[in-house]
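Accompanying notes for the structure given below.
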Amino acid sequence: MRIADLISWFEEWANPAWCESWDNCGWQVEPGILQEQARVLVCLTPTLAVMQEAITSNANLIFAHHPLIFNPPKSLRTGEAIADMVRLAYIHNIGIYSAHTNFDQVQDGTADVLAQILELKEVTPIVPTQASLGYGRVGVLEPFMTLQELLTLIHTRLAPPNLIVSPTVDLQQTISRVAVLGGSGASFISAVVKTGAQAYLTSDCKFHQFQESRDRGLILIDAGHYATERPACDRLVQKLRSLNLDWVQLSHKDEDFRQFFP
């Protein structure tokens, strides 16, 4: 399949026009590779390590969740990460394409995959946007679990380096309704409360957002940005493999930029 056809297929599923106004979805760098047979390296974040992996693997497309360029750079200079990524992309004819907030909303996108990992039932978006799509997912645990069991399930299936959880006096309380949103989801706390969820799995939550959740009766569970979004990248690889591409692989050089000192 040509890269142009692959991108057309993807954009019918997750239209870049759906991305937020502050976001930057779609082509980040397109060095004239649209007619080539697709050799795709999928990653969460496009970094120089991922670019070197693409070069070594003879890939011609880095398909990333996070954009390479969020804000327009004022200059491009050697030694700066974005400039070096662009330079290497043109030297080695490797495109960089990003699917961010458009990919967050769709079926089998970041939130939907989290809901599937926890095996939630009767799933609906936390914030609907269009035609049953939207940001986050909320659903029912079947069977119900204790909070301790839910935390163990999250730790086992997402393998985060750590879990940060709202203080609670009862780890044995029964949890039946859970909300999930991959990546930075603290701004959705009010919307989650309205869904009747008892627990909310997301990431990048600050001190006072844990306070807000506690005061509103919501158990906030922060598993980290990488752990909550990387599974959707793996699912995307599975979908791309069904298209019989020349080559597709999940990056081995993707990085979690947070480490917890023992």
Exercise. Take every Cα pair under 8 Å in the range 95-182 that's 6+ residues apart, average their separations, divide by the length, and report that relative contact order as a whole percent.
Key: 32 percent
Self-check item: Crossing angle, helix 3-13 versus the chain [Cα axis fit, 0-90 degrees, rounded to tens]
Solution: 20 degrees
Quiz item: Going down the table (LYS74/LYS253; LYS121/LYS253; LYS206/LYS253; LYS74/LYS239; LYS74/LYS194), which pairs top 32 Å between alpha carbons?
Solution: LYS121/LYS253; LYS74/LYS239; LYS74/LYS194
Quiz item: To the nearest 10 degrees, how steeply does helix 225-241 sit against the main Cα axis of the chain, on a 0 to 90 scale?
Solution: 50 degrees
Quiz item: Where does helix 81-91 land angle-wise versus the long Cα axis of the chain, in degrees 0 to 90, nearest 10?
Solution: 40 degrees
Quiz prompt | Förster radius 41 Å - calculated FRET efficiency between SER57 and VAL169 (Cβ-Cβ, nearest 0.05) | solution = 0.20
Quiz item: If the chain between SER187 and ASP246 were fully stretched, how many nm would it gain, using 0.36 nm times the residue separation less the Cα-Cα distance?
Solution: 17.2 nm
Practice problem: Using packing as a proxy for protection, rank 242-251, 190-199 so that the peptide with the highest average count of other Cβ atoms within 10 Å comes first. | Solution: 190-199, 242-251
Quiz item: Extension gain PHE261-ASN15, at 0.36 nm per residue separation less the Cα-Cα distance, in nm?
Solution: 84.6 nm
Self-check item: Local electrostatic count at LEU147 - Lys and Arg +1, Asp and Glu -1, tallied over other residues with Cβ under 13 Å
Solution: -1
Quiz item: Cα centroids of the range 151-186 and the range 15-46: how far apart, whole angstrom?
Solution: 32 Å
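Bear in mind that the values in this text are calculations on the coordinates, not laboratory data. Just so it is clear, the structure is predicted and the values come from calculations on it, not from any experiment. Note that each Cβ is placed from the backbone with ideal geometry, even for glycine, and that neighbours are counted across all protein chains shown.
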